[in-house]
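Any read-out appearing in this document is the output of simple, stated calculations on the displayed coordinates, not a laboratory observation. Quick caveat, the model's predicted, so the values are computed rather than measured. All Cβ positions, glycine included, derive from the backbone under ideal geometry; neighbour counts span all protein chains shown.
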Amino acid sequence: MGDWKTITVPAPSSVLDSKNTSQYTSEKKMSPSSLNMQQVLRLPLPSSKSTHSFFSAFCTEENVEQSISYLNRELTTLGFPSLYAESKGKELNLISILNCMNELLVLQRKNLRAQEDVEMQHLKLGSDMDHLQNCYAKLKEQLEASKREIVGLQERDRQLQCKNRNLHQLLKNEKDEVQKLQNIIASRATQYNHDMKRKEREYNKLKERLHQLVMNKKDKKIAMEVLNYVGRVDGKRGGWRTDKTEARNEEEMYKALLRDYEQCQKQLLVENAELRKVLQQMKKEIISLLPPQKQKPRERSEDGIGPVLSDLEDDVGELNKENMWELSCETVREQLTNSIRNQWRMLKNHVEKLDNQVSRVHSGALTDKDVISREDHELETEKLELEIQHCKEMIKTQQQLLQQQLMSPCDDDTTVLLQDCYLLEERERLQEEWKLFREQKKNFEKERRSFTEAAIRLGLERQAFEEDRGTWLKQQFLSMTCDSKYLENVKTQSATSGSSDQDNHLMNTRSQQKKPRSLSSVPTSAELCQTIQHTPYSSSPCAISNKTTEESKPNQWEEIYREETE
Amino acid sequence: MGMKTHRASCVQYRLIVRDVNTLQILQLYTCLDQIQYVEWSSDSLFILCAMYKRGIVQVWSLEQPDWHCKIDEGSAGLVASCWSPDGRHILNTTEFHLRITVWSLCTKSVSYIKYPKACQQGIAFTKDGHYMALAERRDCKDFISLFVCSDWQLLRHFDTETQDLAGIEWAPNGCVLAVWDTCLEYKILLYSLDGRLLSTYRAYEWSLGIKSIAWSPSSQFLAIGSYDEKVRILNHVTWKKITEFEHPPIIANPKIIVYKEVEKSATVETQKLSFPPTRELASSLFSIPSKYDISQVPMSLQYIKPVADRANPRIGIGTLAFSPDNCFLATKNDNTPNAIWIWDIQKLKLFVVLEQLCTVNSFQWDPRQPRLAICTGNSKVYLWSPAGCVSVQVPMEGDFQVLSLCWHSGGDTMALLSKDNFCLCYLEREEVK
């Protein structure tokens with residue numbers, strides 16, 4: 001739309017100015033139908049230098065009529081009387097114009113006042129708002145402060161109540177004690193009174209007796225009548241009391257005391273020795289307990305144990321020696337007790353460690369390593385168990401077979417004999433077979449040697465043959481020029497025959513070699529088969545070894561055959 | 001009372017000596033007045049009979065029935081009389097405890113000991129009879145005099161730090177003398193034979209103190225029973241307390257065996273009834289037999305709260321006794337007068353509690369074995385040993401209230417005394433196969 005500046009214009013200003021402003025305000029309310037007019041009327045941005053130029057933008061010399069009519073229209077729509085004198089004329093009604101202008105001014109003033117009022121009220125409200133906010137903030141602070149104070153007071157109240165309770169308790173205790181003391185005092189008082197009364201009664205009796213005695217003239221004689229003197233218990237005569245006897249009595253008394261003390265001391269010594277022995281034993285046992293487990297704590301770098309234990313062992317040696325002499329001096333005793341205390345502490349620590357380990361294991365808080373090992377362990381145990389089962393079954397079956405064999409209907413002797421016979425037979429058979437086997441082995445060795453020799457010979461012969469051939473061919477070639485055809489044929493024949501002969505010879509040799517071989521091979525293989533058949537129930541390793549040897553032999557032969565056929 | 005083979009009993013003014021095994025009357029002596037006290041001499045040859053009213057002591061001989069001896073205290077009066085350990089001297093305590101006169105039967109000589117203390121146990125002889133300790137009081141202070149019994153020489157004389165000495169007792173080994181103070185002060189002093197103070201023990205102040213003490217037969221322990229219902233045991237090495245035994249009215253520990261005497265409901269078989277009823281039947285009807293039952297723990301004993309404003313209240317441990325083998329200690333708490341507590345000394349723990357139907361009068365250990373005999377004033381005598389306990393009816397016609405009992409030194413016989421009669425109880429020894 002363009003920049004419309006709203007400029008607050010002071011109330012009394014030029015007519016043009018007011019017009020212009022109203023124009024602008026009215027133009028804001030323009031309907032879209034009057035867009036054209038707006039465009040026509042709109043002008044480039046007025047500079048702020050002069051408001052007059054701004055105000056003169058609406059109406060110029062050219063569009064006076066139009067502006068008048070526009071103004072008239074606007075004013076009539078607003079309810080003002082028309083500017084024209086008549087409804088259609090072009091003559092302006094000055095009075096109505098002036099009235100309209102005045103009305104507009106009044107309206108403008110009213111609006112300004114209203115605006116002022118509104119602004120004033122706005123300001124007032126703003127300041128009220130500020131004031132209220134301040135009040136609110138202050139009140140909030142006060143509330144916080146008072147809340148804190150309440151909490152503090154409550155805390156103090158609680159403490160005071162606690163103190164009060166304690167004091168009550170103390171008071172109660174004191175009261176109880178006072179009561180107890182009062183009771184004690186009361187009982188003591190009654191006891192005192194009772195004793196006092198008793199003493200007084202006795203005193204009274206004494207007084208009476210004294211009185212009686214004083215009054216009584218006749219005094220009863222105090223005497224002893226005895227028929228005759230009685231002998232002393234030990235038969236001796238009574239003696240006078242002299243210094244010697246007094247001294248002797250003292251001596252007797254001291255002797256009796258000493259005897260008693262000596263007896264006491266002896267008992268204590270015996271007890272001491274026993275206890276010391278027990279301590280020594282305990283020490284040895286503790287030492288024996290600790291070293292095997294010393295390896296575990298070694299990981300935890302407890303270097304203190306090593307030297308301490310060595311010290312203790314030294315101590316043990318020393319103390320043992322010393323105890324033999326049964327010293328009971330302070331230092332020895334201290335050493336022994338200290339060393340035992342140390343060892344006991346170590347043992348206790350160790351046991352505690354073990355306990356912890358055990359408890360950890362039980363509670364299941366294990367590391368991964370432990371978990372895996374346990375699984376492995378279980379698997380292994382299962383495997384081992386299976387193996388054990390298998391072995392057990394095997395043993396059972398074997399036993400059953402044995403039983404079956406032995407459960408023939410004979411009596412024990414014959415069964416035993418039979419068992420022996422079977423064993424002997426088997427053993428003899430085995431021995432025979434072993435013999436055969438050994439012979440065959442020897443034969444094989446021989447044959448192998450002969451084969452190798454034959455191979456060597458063959459090689460040499462071939463070499464020789466090749467050389468002969470070579471020389472013969474040379475001769476032939478040389479003699480070919482002479483009697484080539486006939487001689488060729490013959491020679492070739494002879495050559496072929498010779499070669500064939502040689503071949504045959506070779507073959508013969510081969511066959512010869514073969515023959516003994518074949519001759520020997522067939523029975524040997526047969527024998528081998530037999531042996532193989534015969535030894536199904538004998539120990540398997542033997543059979544396996546036989547098989548391997550037999551297998552190796554034909555392999556060798558095959559190689560040899562292959563060589564020869566090449 | 002009972003010596004090896006004879007039993008002396010006195011009736012009014014007659015002294016009857018019987019044989020223990022057959023109860024046959026061997027001797028009969030007549031005294032001048034009613035006999036108050038009878039004592040055998042240590043060698044069992046003489047018996048003294050004391051008549052306090054007349055102030056006379058008469059001594060009789062068993063070997064020579066004709067022999068007689070009379071000691072007249074005259075105006076001095078007589079309060080107590082006893083033999084000396086050698087059996088040849090008689091110690092008479094005159095009235096008001098003015099003096100102790102030592103009369104010798106060998107030499108007819110007299111000795112006087114001045115200012116003896118008038119207390120519960122003022123004279124104590126060592127077990128071997130060599131020494132005598134006597135409590136004296138002069139100038140409001142307590143003293144102890146030690147005499148050699150052979151010639152009555154004063155060996156030692158020393159004062160004790162007691163307020164008002166209540167009693168003295170020698171340890172069985174004869175080397176330590178226990179001296180304890182009045183019940184207003186818990187204090188026990190231990191003196192050696194030569195008069196040195198070995199140790200003092202005080203458990204507490206102000207409350208009522210020691211009521212009774214007992215030495216163990218080996219002299220290792222000294223048991224002190226006090227008014228606070230506890231027994232404290234001191235050991236002979238350090239003379240310090242090693243343990244204290246409490247006697248609460250409620251027994252809670254399940255390891256303790258409690259034997260409770262219950263009445264057997266007597267079923268009278270009508271067939272046996274005859275008219276007129278025989279004496280035995282009558283007595284058996286009147287006295288209901290009883291037996292021991294084992295009670296379930298926890299159980300509470302009958303507790304008596306005594307009147308607080310009386311002197312010498314019936315509270316606390318009134319009686320203590322060690323068994324002869326040193327293994328058990330029997331105690332009686334006067335607050336629970338129906339119960340006897342037996343403690344195992346080897347373990348220093350309570351072993352057995354026996355609860356009777358009536359108040360226990362007295363109990364005594366067999367001098368040879370750990371067997372305890374108890375009487376409660378009814379017509380039964382009760383025996384306890386580690387093997388068990390038994391309630392035995394005294395088979396007498398009429399009513400026989402057993403007021404006290406006394407073992408024979410041999411251990412197999414027991415004398416039960418009632419007011420007017422006595423009977424002997426023979427225990428069969430179990431044959432060891």
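Could you work out, residue by residue across B:122-135, how many beta carbons of other chains sit within 10 Å of that residue's beta carbon, and then give the average as an integer? Don't skip to the end; give the middle numbers.
Values: counts 0, 0, 0, 0, 1, 0, 1, 1, 4, 4, 0, 0, 0, 0.
Shielding by partners across B:122-135 averages 1.
In order along segment B:236-253, the phi-based Karplus estimate (6.51 cos²θ - 1.76 cosθ + 1.60, θ = phi - 60°) of 3J(HN,Hα) comes to 7, 7, 10, 6, 10, 5, 9, 6, 10, 9, 9, 10, x, x, 10, 9, 10, 6 Hz; Gly and Pro are listed as x.
With θ taken as phi - 60° and the Karplus curve 6.51 cos²θ - 1.76 cosθ + 1.60 applied, the whole-hertz 3J(HN,Hα) list for segment B:36-50 is 9, 8, 10, 9, 7, 7, 5, 9, 6, 9, 10, 10, 9, 10, 9 Hz, x standing for glycine and proline. Using only side-chain charges placed at the Cβ, +1 for Lys and Arg and -1 for Asp and Glu, the dipole size of segment B:1-141 relative to its Cα centre rounds to 360 debye. Look at the stretch B:102-114: the mean tally of other chain Cβ atoms within 10 Å of its residues' Cβ atoms is 3. Segment A:166-221 and segment B:149-189 have Cα centres separated by 23 Å. The ranking of B:51, A:394, A:215 from fewest to most other beta carbons within 10 Å of each one's beta carbon is A:215, A:394, B:51. Pairwise Cα separations in chain B fall into 20 Å bins from 0 onward with the following percentages, short to long: 22, 55, 22, 1. Note on segment B:1-114: the alpha carbon radius of gyration divided by the globular reference 2.2 N^0.38 Å gives 1.04.
Phi-derived couplings, Karplus 6.51 cos²θ - 1.76 cosθ + 1.60 at θ = phi - 60°, listed residue by residue for segment A:161-168: 5, 4, 4, 4, 4, 4, 4, 4 Hz, with x used for Gly and Pro.
Which order do B:13, B:292 fall in if you start with the one that has the fewest other Cβ atoms within 10 Å?
By the 10 Å Cβ count, ascending, the order reads B:13, B:292.
The count of lysine pairs in segment A:171-231 that are at least 8 places apart or cross chains, and whose C-alpha atoms lie under 29 Å apart, stands at 18.
Which is farthest toward the positive dipole end of chain B among B:107, B:215, B:93, measuring Cα position about the Cα centre, with Cβ charges +1 (Lys, Arg) and -1 (Asp, Glu)? Selected residue: B:215.
Anything over 21 Å Cα to Cα? Flag those among B:240/B:305; A:266/B:241; B:187/B:240, in the order listed.
Values: B:240/B:305 31 Å; A:266/B:241 23 Å; B:187/B:240 13 Å.
Over 21 Å apart, Cα to Cα: B:240/B:305; A:266/B:241.
When only the Cβ of Lys, Arg, Asp and Glu is charged (+1, +1, -1, -1), the dipole of chain B relative to its Cα centre reaches about 320 debye. Counting every alpha-carbon pair across segment B:315-363, the share separated by more than 15 Å comes to 40%.
Using the structure shown, select from B:127/B:419; B:230/B:260; B:230/B:332; A:283/B:349; B:264/B:349 the pairs with a Cα to Cα distance greater than 20 angstrom. Intermediate results must be reported in sequence, preceding the final value.
Details: B:127/B:419 31 Å; B:230/B:260 22 Å; B:230/B:332 10 Å; A:283/B:349 31 Å; B:264/B:349 31 Å.
With Cα atoms farther than 20 Å apart: B:127/B:419; B:230/B:260; A:283/B:349; B:264/B:349.
Look at the dipole of chain B built from charges on Cβ: of B:373, B:165, B:134, the Cα furthest out on the positive end belongs to B:165. Taking Cα pairs under 8 Å and at least six residues apart, what relative contact order does segment B:330-403 come out at, in percent? The normalised contact order for segment B:330-403 reaches 19 percent. Each of B:259, B:115 was scored by other Cβ atoms within 10 Å of its Cβ. Listed from fewest to most, they are B:115, B:259. Between B:187, B:347, B:211, the Gaussian network model of chain B with springs among Cα atoms under 10 angstrom shows the greatest mean-square fluctuation at B:347. Look at where the Cα atoms of segment A:100-131 and of segment B:190-216 average out, and the two centres are 115 Å apart.
Which peptide among B:294-300, B:204-210, A:265-271 comes first, and what is the full order, when sorted by highest mean count of other Cβ atoms within 10 Å? If you can, show how the numbers build up before the last one.
Values: B:294-300: 12.7, B:204-210: 17.7, A:265-271: 10.9.
Output ranking for B:294-300, B:204-210, A:265-271: B:204-210, B:294-300, A:265-271.
In peptide A:172-185, how many Cβ atoms from other protein chains are near each Cβ within 10 Å, on average? Walk me through the intermediate numbers first.
Details: counts 0, 0, 0, 0, 0, 0, 0, 0, 2, 2, 0, 2, 4, 1.
Going residue by residue through A:172-185 and averaging, the value is 1.
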